[in-house]
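Accompanying notes for the structure given below.
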Amino acid sequence: MSDIELTWIGLGVALAVTLIGLVLARLRPPRLRPIPAYVVLPETAADAVESDNRMHLSFGSSAIGETSTVSALASAEVFYRLAERLAVSPQPPLITTSAGLTLPLAQDTLRRAYTYRDRLPAWRSTSAAWFPQGARSLAFAAGASSLAADRDVFSTVLLGRFGIELALMGESALRHDQALVAHSDLPEGQAIAYAQADHALIGEELYVGPAYLNGRAIEVGGVLALDVLRWLVIVGILAAAIDAAL
Amino acid sequence: MVISAGLVTVVGLLSDEGSAPALLMTFTIQMIAVVAAIAVLIGVLNLAAVHLGRFAHAEHGWPYSVVMLFVMVAVIVLSILDRAEIWSGELEGEQISLRAFEAVQVSLESALAALLAFFLVFAAYRLMRRRVTVWSLVFSVTLIVVLVGWIPFEELDVLADVRDWLVRVPVSAGMRGLLIGVGLGTVMVGIRVLLGQDRSYKS
């Protein structure tokens, strides 16, 4: 079987299990296993609103039009759910990115949230900031951390693509007594997130965020589908290993 | 539009080179590249406008805006001169704009990167203070073994072997697991986009 045929089969299976998951989620919404970061995030947003403080949300180097496009979209969806809550506060959240093409996505994410809350006049495009990108984005990390400290943010949420620069941003957040939730779709960033963050999201947990934050049936169905696909991959790996051993 | 572009790209990627779907996909991607280039141009012009405004109104931090505008103009001029290939002597064939970028950006990033090892060790210490679990213990012990394993003493050869095994077997397996998870998550979000159910581009 060729790679192309395998890819078609994979896409077909993913589509089928997503639709089955959607139907199941509509018939009887499942109880999702708790992910600590998604328990804490709405509470942190509520605390920020009540204490009249800002939250810092960062895409890192997730970039529209590149291999990290899906990470950028998934992060934007989680940020939207948080911004919906934060839009009632006089202190707008700060969103940072090191990818130029993600900046309009960041601005639009905030605009949608303020529109949803009927507070569009309070929306400012300057709440989204871009800092120079690079192989390690350390200039971005320095700039974003400095801006977050200047604006006296209360908590920092780093979701998307981060490399070792996450250590710099995490260190700055912790030094300023900010709660830190972090994730990266790169292994080096993920390791740092695990060590530094109060709550780390691991691997595919970023992509199920919308299901955990007031999720719709399609998003909850996606979680079921992801579990099915995960088990299919595990069975596939075991079968391949047994086949190779025999 | 998003669904159509997504479907065209998927079908094009999975079609033979030179076939109609593949050509349509190439055209779509070229259109996206053009739109992206225009967006970057608008971004640069917006950046210049924002800083010119700050300078003109003498807002807080206006000297930084002057530096930013000066550097922006200088790099653009250097890039134009690079393209015109006007450099001679030792500089002949050199990309001076690239050199200027490396002199500032790379030095700055290298200096910050040098601090990372300290941040990581401190993060491991803080992790142990915050929550002592089996996994945080495994993390800290692994970190110590890997760091000590790099010390070039003959007496520590055993630790170097352990470090190599750690990197080759559990670290490699863990990284693959993470990347497979990220890949599966990417597929699920991709399916949601293709079904028109992703809301990040909707009002």
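I need the full set of residues from the stretch A:42-71 which are in a helix (DSSP H, G or I), farther than 25 Å from A:His176 by Cα and touching a residue at least 40 places away in the same chain (Cβ under 8 Å), in order please. Steps first, answer last, please.
First pass over the stretch A:42-71, keeping only residues in a helix (DSSP H, G or I): A:42-50, A:69-71.
Okay, now just the ones that are also farther than 25 Å from A:His176 by Cα, so A:69-71.
Selection gives A:Val70, A:Ser71.
Sort out which residues of the stretch A:170-207 are over 22 Å from B:Ala113 (Cβ atoms), within 10 Å of another protein chain (Cβ to nearest Cβ) and in contact (Cβ under 8 Å) with a residue 60 or more places away in the chain, and write them in order of number.
A:Asp198, A:Glu205, A:Leu206, A:Tyr207
I need the full set of residues from the stretch B:97-125 which are more than 14 Å from chain A (Cβ to nearest Cβ) and loosely packed, with under 15 Cβ neighbours inside 10 Å, in order please.
Correct list: B:Arg99 only.
Those residues that are exposed (fewer than 10 other Cβ atoms within 10 Å of the Cβ) and under 26 Å from A:Leu201 (Cα atoms), I need them from the stretch A:1-40; list them, please.
A:Arg31, A:Arg33, A:Pro34
From the list A:Tyr207, A:Tyr212, exactly one residue is crowded, with 24+ Cβ neighbours inside 10 Å, among the hydroxyl-bearing types (Ser, Thr, Tyr) and within 13 Å of the chain's Cα centre (by Cα). Which is it? So that I can check it myself, show each step before the final result.
Working: A:Tyr212 fails: crowded, with 24+ Cβ neighbours inside 10 Å.
None of the other options fit; the residue is A:Tyr207.
I'm checking my understanding of the structure. Among residues of the stretch A:41-53 that are in contact with a strand residue (DSSP E or B) (Cβ under 8 Å, 6 or more places away or on another chain) and not polar (S, T, N, Q), which one is surrounded by the fewest Cβ atoms within 10 Å (Cβ to Cβ)? Quick ask: steps written out before the conclusion?
Within the stretch A:41-53, the first condition is being in contact with a strand residue (DSSP E or B) (Cβ under 8 Å, 6 or more places away or on another chain), and the residues that meet it are A:41, A:44-45, A:47-48, A:51, A:53.
Checking which are not polar (S, T, N, Q) leaves us with A:41, A:45, A:47-48.
Working: A:Leu41: 26, A:Ala45: 23, A:Asp47: 15, A:Ala48: 22.
Here the residue is A:Asp47.
Could you tell me whether the stretch A:113-121 includes any residue that is more than 10 Å from chain B (Cβ to nearest Cβ) and within 19 Å of A:Ala200 (Cα to Cα)? Break it down into steps so the answer makes sense when it comes.
Quick first cut of the stretch A:113-121, residues more than 10 Å from chain B (Cβ to nearest Cβ) only: A:113-114, A:117-121.
Among the residues that remain, those that are also within 19 Å of A:Ala200 (Cα to Cα) are: none.
Within the stretch A:113-121, not a single residue is more than 10 Å from chain B (Cβ to nearest Cβ) and within 19 Å of A:Ala200 (Cα to Cα).
Regarding the stretch A:27-39, can at least one residue be identified that is more than 15 Å from the chain's Cα centre (by Cα), part of a helix (DSSP H, G or I) and of a type in the set (A, V, I, L, M, F, W, C)?
For the stretch A:27-39, residues more than 15 Å from the chain's Cα centre (by Cα), part of a helix (DSSP H, G or I) and of a type in the set (A, V, I, L, M, F, W, C): present.
Considering only the stretch A:151-164, I want to know if a residue exists there that is part of a helix (DSSP H, G or I) and more than 10 Å from every other protein chain (Cβ to nearest Cβ).
Residues of the stretch A:151-164 part of a helix (DSSP H, G or I): none.
Looking for residues that are part of a helix (DSSP H, G or I) and more than 10 Å from every other protein chain (Cβ to nearest Cβ), one finds none in the stretch A:151-164, hence no.
Within the stretch A:45-70, which residues are under 18 Å from the mean Cα position of the chain (by Cα), β-branched (Val, Ile, Thr) and over 20 Å from A:Ala144 (Cα atoms)?
A:Thr67, A:Thr69, A:Val70
Which one of these does A:Leu110 not meet: (1) within 16 Å of the chain's Cα centre (by Cα); (2) touching a residue at least 40 places away in the same chain (Cβ under 8 Å)?
Looking at each condition in turn, A:Leu110 falls short on (2).
Just to be sure, is A:Trp130 over 27 Å from B:Gly181 (Cβ atoms) and within 10 Å of chain B (Cβ to nearest Cβ)? Write out each step before concluding.
On the way: over 27 Å from B:Gly181 (Cβ atoms): yes; within 10 Å of chain B (Cβ to nearest Cβ): yes.
Spelling it out, A:Trp130 is indeed over 27 Å from B:Gly181 (Cβ atoms) and within 10 Å of chain B (Cβ to nearest Cβ).
Taking B:Glu109 as the residue in question, decide whether it is outside any helix (DSSP H, G or I) and closer than 30 Å to B:Ser79 by Cα.
Values: outside any helix (DSSP H, G or I): no; closer than 30 Å to B:Ser79 by Cα: yes.
So B:Glu109 does not fit the description; no.
Since every read-out is calculated from the coordinates, none of them should be taken as a lab result. Just so we're clear, the structure is a prediction, and the values are computed from it rather than from any experiment. No Cβ is skipped: glycine too gets one built from the backbone with ideal geometry, and neighbour counts run over all protein chains shown.
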